[in-house]
1. Quick one: 3J(HN,Hα) in Hz for segment 22-36, Karplus 6.51/-1.76/1.60 with θ = phi - 60°, rounded, Gly and Pro as x.
2. For Phe74, Phe143, what's the fewest-to-most ordering of other Cβ within 10 Å of each Cβ?
3. Could you state the orientation-averaged shadow area of the convex hull built on the Cα atoms of segment 82-153, in nm² to one decimal?
4. Taking only C-alpha pairs under 8 Å that are 6+ residues apart, what is the relative contact order of segment 88-165 in percent?
5. At most 14 other Cβ atoms within 10 Å and a DSSP loop assignment: could you name the trypsin sites (Lys or Arg not before Pro) in segment 27-124 that fit?
6. Please report, in Å, the Rg and the Dmax of segment 1-69, where both are computed over Cα atoms only.
7. Work out, step by step, the length gained on full extension between Ile114 and Ser69: first 0.36 nm times the residue separation, then minus their alpha carbon distance; give nm to one decimal.
8. For helix 118-138, report the angle its Cα long axis makes with the longest principal axis of the Cα atoms of the chain; keep it between 0 and 90° and round to the nearest 10°.
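Just so you know, all these numbers are worked out from the coordinates, no wet-lab data involved. Not measured: the values here are computed from a predicted model. No Cβ is skipped: glycine too gets one built from the backbone with ideal geometry, and neighbour counts run over all protein chains shown.
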Amino acid sequence: MTADNPPRMVFVLKQELPFLPRELAWLHAPGLGLLDEWALAPYGIDDATDGLYEHRVPPDAALWLAAASLPALFWGLHDWAHFHNHGPLTQRALTELQCDASALSWLWRNRAAIGLNEGRWEGARTDVERITIARYADERMSFDPALLGPDRLREWAETPPSPRV
Ligand SMILES: [Zn+2]
């Protein structure tokens with residue numbers, strides 16, 4: 001897993017929303033059985049984060065995620081977390097860390113359903129940790145490895161979600 005956007009990952013539109021830029025899903029995720037479905041344009045992640053918040057559309061009412069690999073699923077979940085964390089991106093490394101932690105926790109919680117064993121999850125976690133360390137270095141901030149520690153992420157994954165307000 002690297003910091004690059006993986007191929008074959010799209011957010012398929014459940015409904016047409018004029019504020020979301022769209023493109024045909026299969027163009028970005030061929031071979032997944034997507035035919036004439038529309039998807040959020042890959043450049044539209046920030047538009048979706050702002051637009052869904054502005055129009056009070058819950059992300060799961062607007063989109064579903066199609067992903068063809070573990071990196072695709074991880075980065076899709078990372079972006080999914082962005083959709084729920086609207087606000088000015090003033091602390092980039094910290095915001096990205098929260099999205100990474102959410103995505104890794106989701107992968108852990110659902111590892112049986114997606115066929116992910118502990119070793120591959122740990123491999124993904126250490127890849128993400130490397131990416132995070134580089135982001136913190138870019139911002140000349142120190143990174144506390146405990147924030148992405150495996151025990152912490154697993155504990156978080158087992159915590160029941162709080163009700164939507
Ligand atoms: Zn991000």
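1. Residue by residue, segment 22-36 yields 10, 9, 5, 4, 5, 4, 9, 9, x, x, 9, x, 7, 10, 10 Hz.
2. Working: Phe74 23, Phe143 18.
Sorted ascending by nearby Cβ count, the order is Phe143, Phe74.
3. 5.1
4. Normalised by residue count, the contact order of segment 88-165 is 40 percent.
5. Counting only loop positions with at most 14 other Cβ atoms within 10 Å, the trypsin sites (Lys or Arg not before Pro) in segment 27-124 are Arg56.
6. Cα only, segment 1-69: 11.9, 34 Å (Rg, Dmax).
7. That pair, Ile114 and Ser69, stretches by 15.2 nm at full extension.
8. 90
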